[in-house]
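Since the structure comes first, as C-alpha cells, the remarks are kept for the end.
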Amino acid sequence: MMRFRWRPRFILILGLLTAGAAAAEPSAVATGPTLSRILARQVLYVGYREAALPFSYLLPGQALPTGYLWEVCSHVFKAVDERLGRSVPVVPVAVTDNARTMMLKTGITDLDCGAAGNTVGRQKQVNFSTNVYVSEIKVMVKQGAGFTSFGQFADKRVVTVVGSTGERHVKLAALGNNLVLQHLLANTPAEAMAMLAKGEVEAYVAEDAILVAQRAATAGDYVLLDSALATEPFGIMLPLGDPLWKKLVDDVLLDLMRRGELAQIYDKWFMGPIPPAGVNLNLPMSDLLKAAIREPGDTPVN
C-alpha cells in the first residue's frame, strides 16, 4: 500500500520536473514565426549583396560576406544563439535589389543585411530594424566635367544600379526638375562606375558611401556634387508581421548604440583601410547618423 501511495507522488513530481524542463527548452522561447522557423530548420538564412561595398560584399575566394552591415548583423547572430540556447549556422544568401523583399516575404531569408533604404513603400512589404545608417543620394561626375547641379543633366546620360535607391531618386529628380535625360541601368556598382570611367555616361547616381567606395577603387579623378537628391535611412530588413523578431534585432542595435560600439564599427569601415585593396573611404559619420543614434527609430522616408 505504501508503494501505491508513493507512486502518484513520484509521478506528480516527475511531471513537474518534466514540465520545468520543457519550459527551459529553446522551443519554448522561440515564439514568433521567424524564430520558430529558424529553430525548425536549424539554420539562419541571411540576405547580403555581393558588391555593395562597404555595407555588404564578398571578397574573392571567401564564403562569408564582409562589410559594415554584415558586422552589425553578426551581433544579431550571437543574440539568436543566446535566445535559442544553441549555435545556429548562418547561411549567407546573395540577393538582388529586385528580389530581396520577396525572399523575406516567402521565408527564403530570415533577415537582410545588404543595406536597404527604409522607405514607406518598402515598409508595406517588410519590417525594418532601427535605422543604422543615413544615406545621401548623390551625383558623381568626372573632375572638370563642368557640372554643379542635377539641373544641368538635360539630355545627358545618367547611370544607376537597377532596382536601387538611386534609380528611384533619379526618376523623381528628373520629374521635379522637368528634365528629359538618358537614364541607363547597370547590374552592379562596379559596372556603373566602369561606365562613368569609360565616358559612356556623364554621371553616376547612388548612395554616398557606394559612390566613394567605387571612387576609391577606380583610377581617375571624380567628384560628388554638393547637393543631395535625397536622404534615406538604412536598416536591416525583416519579415513583416513578426514583432518579436524585430524586437530581438532592435534590442541588439540599441545596445550597440548605447555602448558606442556602433560608432566604432562605423569608423572601422568608413574611416580606415578596408579590404580587399586597403582603401580608406574617409567618410566621417554625418550629423544625420549621429542624430539617428542619439534618438533611435525606424521612421522611413517617402
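Mind ranking 118-128, 81-91, 63-73 by how tightly packed they are, going by the mean number of other C-beta atoms within 10 angstrom, highest first?
Numbers: 118-128: 17.4, 81-91: 14.3, 63-73: 21.8.
Going from most to least packed, we get 63-73, 118-128, 81-91.
With 20 Å bins from zero, work out the P(r) of the chain over every alpha carbon pair and list the percent per bin.
Taking all Cα pairs of the chain, the binned fractions are 31, 50, 13, 5, 1, 0 percent.
Over the chain, what is the percentage of antiparallel beta bridges among all DSSP beta bridges, to the nearest 5?
DSSP beta bridges in the chain are roughly 60 percent antiparallel.
State the answer as a single residue: which of W269, S36, M140 lies farthest towards the positive end of the charge dipole of the chain, with beta carbon charges of +1 for Lys and Arg and -1 for Asp and Glu, about the Cα centre.
S36
Can you tell me the dipole magnitude for the chain around its Cα centre, using point charges on the Cβ only (Lys, Arg +1; Asp, Glu -1), in Debye to the nearest 20? Present the calculation step by step, with values, prior to reporting the outcome.
Details: 29 positive and 28 negative charges, 297 e Å.
That gives a dipole near 1420 debye.
Run the reach check for K105 against aspartates and glutamates, Cα to Cα strictly under 13 Å, same-chain hits fewer than 8 apart removed. What comes back?
D242
What's the long-distance tail for region 136-231, i.e. % of Cα pairs beyond 23 Å?
Of all Cα-Cα distances in region 136-231, 10 percent exceed 23 Å.
Lysine pairs in region 136-231 8 or more apart or on different chains: how many have alpha carbons under 16 angstrom apart?
5
Pairing the Cα long axis of helix 68-84 with the longest principal axis of the chain, what angle in degrees results, from 0 to 90 and rounded to the nearest 10?
10
Among rounded, prolate and oblate, which fits region 166-288 when a ≥ b ≥ c are the square roots of the eigenvalues of its C-alpha gyration tensor, a/c under 1.5 means rounded, and a/b larger than b/c means prolate?
Because a/c hits 1.5 or more and a/b fails to exceed b/c, region 166-288 counts as oblate.
Be a star and scan region 139-164 for residues whose amide nitrogen sits under 11 Å from the point 7 Å along the Cα-to-Cβ vector of Q125.
Once the point is set 7 Å along Cα→Cβ of Q125, 163-164 turn out to lie under 11 Å by backbone N, inside region 139-164.
On full extension of the chain, what length is gained from E82 through A94, given 0.36 nm per residue of separation minus the C-alpha to C-alpha distance?
1.8 nm
Rule-based calculations on the coordinates, nothing more; no lab input. Computed from a prediction, not measured in an experiment: that's the story for all the values here. Note that we place each Cβ from the backbone using ideal geometry, even for glycine, and neighbour counts take in every protein chain shown.
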